[in-house]
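Colleague: Could you have a look at this structure, given as structure tokens, before my questions?
Just so it is clear, none of the values below were taken in a lab; they were calculated from the coordinates. It should be emphasised that the depicted structure is a prediction, and the values quoted were computed from it without experimental measurement. Backbone-built Cβ (ideal geometry, glycine too); neighbour counts: all protein chains shown.
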Amino acid sequence: MAKTLFEKIWDRHLVTTLPDGTAILYIDRHLVHEVTSPQAFEGLRLSGRRVRHPELTIATMDHNVPTDDRLVIRDPISKAQIEALAKNCREFGVTLYDLQSDRQGIVHIIGPE
């Protein structure tokens with residue numbers, strides 16, 4: 001029987017299925033942005049761990065980027081989140097498409113691109 005595109009992708013990423021039916025999937029690309037990533041990086045830092053495959057991780061600044069003058073971030077919380085992402089990417093060796101990058105964009109769009 002023919003498989004759907006979803007089934008083909010699922011099968012290629014399925015590591016195992018646990019007895020309770022929970023699927024363990026291999027994730028081949030991690031997309032990171034400035035709003036929720038500080039907690040993840042801090043968790044790694046506190047546990048003494050690194051990003052397992054930084055070459056498979058791409059970060060971009062998109063949630064706090066102004067629409068008028070994108071290089072001047074006036075909101076202090078937004079500025080702090082953008083600065084934290086840059087610092088964390090440097091520390092953990094993650095590729096960052098920052099505000100000066102021609103590849104910077106919406107996190108949900110840059111993945112497929």
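Colleague: Please go through region 54-100 and give me each residue that is part of a loop (DSSP other than H, G, I, E, B), over 20 Å from G43 (Cβ atoms) and in contact (Cβ under 8 Å) with a residue 40 or more places away in the chain, ordered by number.
Modeller: M61, D62
Colleague: Would you please list the contacts, defined by Cβ atoms under 6 Å and residues six or more apart or on different chains, that run from a residue in region 9-26 that is among the β-branched types (V, I, T) to a residue that is outside any loop (DSSP other than H, G, I, E, B) and exposed (fewer than 10 other Cβ atoms within 10 Å of the Cβ)?
Modeller: From residues that are among the β-branched types (V, I, T), the pairs are I24/V15; I24/T16.
Colleague: So, of the residues in region 26-53 that are outside any helix (DSSP H, G or I) and among the acidic types (D, E), which turns out to be surrounded by the most Cβ atoms within 10 Å (Cβ to Cβ)? Give the steps one after another, and end with the answer.
Modeller: Step one: filter region 26-53 for residues outside any helix (DSSP H, G or I), giving 26-36, 48-53.
From the residues that got through so far, the ones that are among the acidic types (D, E) too are 28, 34.
Numbers: D28: 9, E34: 25.
Checking each candidate, the answer is E34.
Colleague: Inside region 1-19, can you point out the residues that are assigned to a helix (DSSP H, G or I) and exposed (fewer than 10 other Cβ atoms within 10 Å of the Cβ)?
Modeller: Going residue by residue through region 1-19, those that are assigned to a helix (DSSP H, G or I) are 5-13.
Within region 1-19, L5, F6, D11 qualify.
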